[in-house]
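Colleague: Here you go, one structure.
The values are calculated or read from the model by the stated rules, or taken from the named source; none is laboratory data. This one's a predicted model, so the numbers in the text were calculated from it and none came from an experiment. Cβ coordinates were reconstructed from backbone atoms using ideal geometry, including for glycine residues, and neighbour counts include every protein chain displayed.
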Amino acid sequence: MSKVAVFIDGGYLANILKHHFSEPRLDYAKLVKWICEDDELFRTYYYDCLPYQSSVPSDEERQMLSRKQRFLTALKRLDRFTVREGRLEYRGIADDGTPVFQQKRVDLQIGLDIATVVTASRADIVAILSGDSDLLPAVEMAKNNGVIVRLVHGPRVTYHNDLWDAADERKQISSEVIARCRRDR
């Protein structure tokens, strides 16, 4: 039985859930079990940012922060889950008037954690739930060290083609997967 290290880009997953599946609440233990298939989980690494807080936070900003902190705390309490926090930076206003934010320190942390797991021979498979081509150097490093790379992704338009091409295996998050991994309460 192979050991799997799972790397989840929380921003990518939230975007998929919002734009393709009507924002369901997931049971992350079930999602990780689906990602691992019949293999053994080494550890899950989950990466995300707390919501942006202005210098004088509104009630809505405080509520969003509180919800995200509770969510991340719940994930930390799951078996073999490690949560890594990046930072969300305000980048201005889009043409449609909505604020623009950008995750910082997430992709680099994912890449460093993949490299650490691979060089320490902790996993035979790295499963990456992301669509970002910034992860290509880590993917190539893992493959060069004999580790299978499993890309877990959303629908076709949600991932970079180069990342999809570089992966050894691919698993698409579909409506059936969402139904199977939906939280009971």
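Colleague: Residue by residue through segment 133-155, note down the ones that are loosely packed, with under 14 Cβ neighbours inside 10 Å and either touching a Lys or Arg at 6+ places or on another chain (Cβ under 7 Å) or not in a loop (DSSP other than H, G, I, E, B) (or both).
Modeller: Pro137, Glu140, Asn144 - these are the residues of segment 133-155 that are loosely packed, with under 14 Cβ neighbours inside 10 Å and either touching a Lys or Arg at 6+ places or on another chain (Cβ under 7 Å) or not in a loop (DSSP other than H, G, I, E, B) (or both).
Colleague: Report yes if Ala74 is aliphatic (A, V, I, L, M), farther than 22 Å from Ala123 by Cα and at pLDDT below 95, otherwise no.
Modeller: When the stated conditions are applied, Ala74 does not pass them.
Colleague: Just to be sure, is Leu151 hydrophobic (A, V, I, L, M, F, W, C) and out of contact with any strand residue (DSSP E or B) (no Cβ under 8 Å at 6 or more places or on another chain)?
Modeller: no
Colleague: Report the residue count in segment 112-129 for those that are touching a strand residue (DSSP E or B) at 6+ places or on another chain (Cβ under 9 Å) and either under 22 Å from Leu31 (Cβ atoms) or surrounded by fewer than 15 Cβ atoms within 10 Å (Cβ to Cβ) (or both).
Modeller: Result for segment 112-129: 11.
Colleague: Moving to a separate point now. Of all the strands (runs of 3 or more DSSP E) wholly in segment 1-113, which have at least 1 residues that are touching a Ser or Thr at 6+ places or on another chain (Cβ under 9 Å), farther than 19 Å from Ile128 by Cα and basic (Lys, Arg)? Spell out the reasoning first.
Modeller: Details: elements: 3-9, 40-48, 81-85, 87-93, 99-104.
Output list is empty.
Colleague: Further, regarding this structure: Report every pair of residues separated by at least 6 positions or lying on different chains whose Cβ atoms are under 9 Å apart, first residue within segment 116-140 and more than 26 Å from Leu17 (Cα to Cα), second among the β-branched types (Val, Ile, Thr) and assigned to a loop (DSSP other than H, G, I, E, B).
Modeller: Pairs found: Val117/Val147; Val118/Val147; Ser121/Val147; Ala123/Val147; Asp124/Val147.
Colleague: When residues of segment 37-92 are filtered for being small (Gly, Ala, Ser), surrounded by 14 or more Cβ atoms within 10 Å (Cβ to Cβ) and more than 16 Å from the chain's Cα centre (by Cα), how many remain? Talk me through it step by step, then tell me what you get.
Modeller: Step one: filter segment 37-92 for residues small (Gly, Ala, Ser), giving 54-55, 58, 66, 74, 86, 92.
Filter again for surrounded by 14 or more Cβ atoms within 10 Å (Cβ to Cβ), leaving 86.
Next cut, more than 16 Å from the chain's Cα centre (by Cα) only: none.
Result for segment 37-92: 0.
Colleague: How many residues, within segment 156-185, are within 20 Å of Glu37 (Cα to Cα) and either basic (Lys, Arg) or in a loop (DSSP other than H, G, I, E, B) (or both)?
Modeller: Let us first name the residues in segment 156-185 that are within 20 Å of Glu37 (Cα to Cα), namely 164, 167-183.
From what's left, either basic (Lys, Arg) or in a loop (DSSP other than H, G, I, E, B) (or both): 167-168, 170-171, 173-174, 180, 182-183.
Of the residues in that region, 9 qualify.
Colleague: Sticking with this one: Does Thr73 qualify as being among the polar types (S, T, N, Q), in contact (Cβ under 8 Å) with a residue 24 or more places away in the chain and on the phi < 0 side of the Ramachandran plot?
Modeller: Considered against the rule, which asks whether it is among the polar types (S, T, N, Q), in contact (Cβ under 8 Å) with a residue 24 or more places away in the chain and on the phi < 0 side of the Ramachandran plot, Thr73 comes out as no.
Colleague: Does Phe71 satisfy being among the hydrophobic types (A, V, I, L, M, F, W, C), within 24 Å of Arg183 (Cβ to Cβ) and in contact with a helix residue (DSSP H, G or I) (Cβ under 6 Å, 6 or more places away or on another chain)?
Modeller: No; evaluated as a whole, the condition is false for this residue.
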